[in-house]
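Structure record follows, encoded as structure tokens.
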Amino acid sequence: MRLLHVLVVAGLVAAALGGCAKPIRHTDVSAGATLADQMVTGNVMQTAAARHSQPMPTHIFSASQLAGRTLEVASTADIALRPGEVILTFDDGPRAGKTPVILDALDRHGVKATFLMLGSAAKANPVLARQVALRGHTVGSHTYDHTDLGKLSRQAALNEIARGEAAVAEALGGHDLSPFFRFPYLSQTGYLRTTLLQGDMVVLDVDIDSKDYYSDSVAVVTERTLERLDARGSGIVLFHDIHQRTVDMLPGFLDELEARGYSVVRLVPKAQGIFGRSVITAEVDGF
């Protein structure tokens, strides 16, 4: 089916942050470059029906001192943390046998996280994807197949983003899909970032990369993450709910966060009104 593109390029914006599993590559297109790829364009599409109110968690919050405020954001610029505040994010899931254990650890500490799901993973585990939302966590997207978007043409990259978001939305079966998105490997171009922001998507960057994708011990991952967090004082922490070492280290990590006086901020989208939000859409084949 044909979905529609927002074609607004306000300028090239570069982001210089560490990536999921390899260094970010900046592949911004220069102003004078000749573009070989052609865009399929159309109108702005409003999708109020595709966005639902944030679900009420089915699990009761514990009396943890770790649970902090809820931060409602409508754009990336709204993510402003105070000293000692942490946002927990998990990429690449959901994964059977791992995501449920992570959900249990978060419940025990009374905190909520943001899960940036792959479309392919959500399609393979729709019941688990819905469980993440039902337990009060925020669900966003992370492309369909974890493709390095910096290596694709503009059109192919937008197709991959739109396909991933559509697959996650379908897996959630009517539960809330937030407009939060993270670039795989944090590999992006100024064009893609600007286009997503113009389409009212909230791009989540990374302040503290746990590097839990390295074959390190639980103790090493925990120490490295806490050291970087202490040095910065606050920030968005990147984990992956597909690794056993992350499952194993999370309870102790949360205990240590609480002992050090941090609070975990629950990130949710700000209501967009009766007209919903405009979305980045593309030529999407069947899932």
Legend entry - Condition check for Ala63: more than 16 Å from the chain's Cα centre (by Cα), part of a loop (DSSP other than H, G, I, E, B), at pLDDT 95 or above and more than 24 Å from Gln244 (Cβ to Cβ): no
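Quickly run through the stretch 178-187 and pick out the residues that are in contact with a Lys or Arg (Cβ under 7 Å, 6 or more places away or on another chain) and either part of a helix (DSSP H, G or I) or not hydroxyl-bearing (Ser, Thr, Tyr) (or both).
Pro179, Tyr185
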Inset, instruction - Restricting attention to the stretch 138-154, report how many residues are surrounded by fewer than 24 Cβ atoms within 10 Å (Cβ to Cβ) and part of a loop (DSSP other than H, G, I, E, B). - result: 6
Legend entry - Scope the stretch 114-137; condition among the aliphatic types (A, V, I, L, M) and either part of a helix (DSSP H, G or I) or surrounded by fewer than 24 Cβ atoms within 10 Å (Cβ to Cβ) (or both); matching residues: Ala121, Ala122, Ala124, Val127, Leu128, Ala129, Val132, Ala133, Leu134
Inset, instruction - Answer yes if at least one residue in the stretch 218-228 is modelled with pLDDT of 95 or more, charged (D, E, K, R), crowded, with 17+ Cβ neighbours inside 10 Å and more than 16 Å from Ile87 (Cα to Cα), and no otherwise. - result: yes
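For Thr225, state whether it is outside any loop (DSSP other than H, G, I, E, B), within 19 Å of the chain's Cα centre (by Cα), under 16 Å from His243 (Cα atoms) and not aromatic (Phe, Trp, Tyr). Explain how you work it out, then say what you get.
Numbers: outside any loop (DSSP other than H, G, I, E, B): yes; within 19 Å of the chain's Cα centre (by Cα): yes; under 16 Å from His243 (Cα atoms): yes; not aromatic (Phe, Trp, Tyr): yes.
Yes: the conditions hold for Thr225.
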Inset, instruction - Please verify whether the stretch 155-168 includes one or more residues that are surrounded by fewer than 24 Cβ atoms within 10 Å (Cβ to Cβ), in a loop (DSSP other than H, G, I, E, B) and at pLDDT 95 or above. - result: no
Inset, instruction - Give just the number: which of (1) touching a strand residue (DSSP E or B) at 6+ places or on another chain (Cβ under 8 Å); (2) buried (at least 16 other Cβ atoms within 10 Å of the Cβ); (3) at pLDDT below 95 does Asp207 not satisfy? - result: (3)
Inset, instruction - Can you run down the residue pairs with Cβ atoms below 7 Å, 6 or more apart or on separate chains, where the first is in the stretch 91-120 and closer than 24 Å to Glu165 by Cβ and among the basic types (Lys, Arg) and the partner is surrounded by fewer than 19 Cβ atoms within 10 Å (Cβ to Cβ) and at pLDDT 95 or above? - result: Lys98/Gln244
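Among the residues of the stretch 188-214, which ones are farther than 14 Å from Arg154 by Cβ, touching a residue at least 12 places away in the same chain (Cβ under 8 Å) and part of a loop (DSSP other than H, G, I, E, B)? Even if it seems obvious, please write down each step before you answer.
Looking only at the stretch 188-214, we keep the residues that are farther than 14 Å from Arg154 by Cβ, and these are 197, 200-214.
Those left that are additionally touching a residue at least 12 places away in the same chain (Cβ under 8 Å): 197, 200-213.
Result: Asp200, Met201, Leu204, Asp205, Val206, Asp207, Ser210, Lys211, Asp212, Tyr213.
The values are calculated or read from the model by the stated rules, or taken from the named source; none is laboratory data. Since this is a predicted model, take the numbers as computed values, not measurements. Glycine gets a Cβ as well: all are built from the backbone with ideal geometry, and neighbour counts include every protein chain shown.
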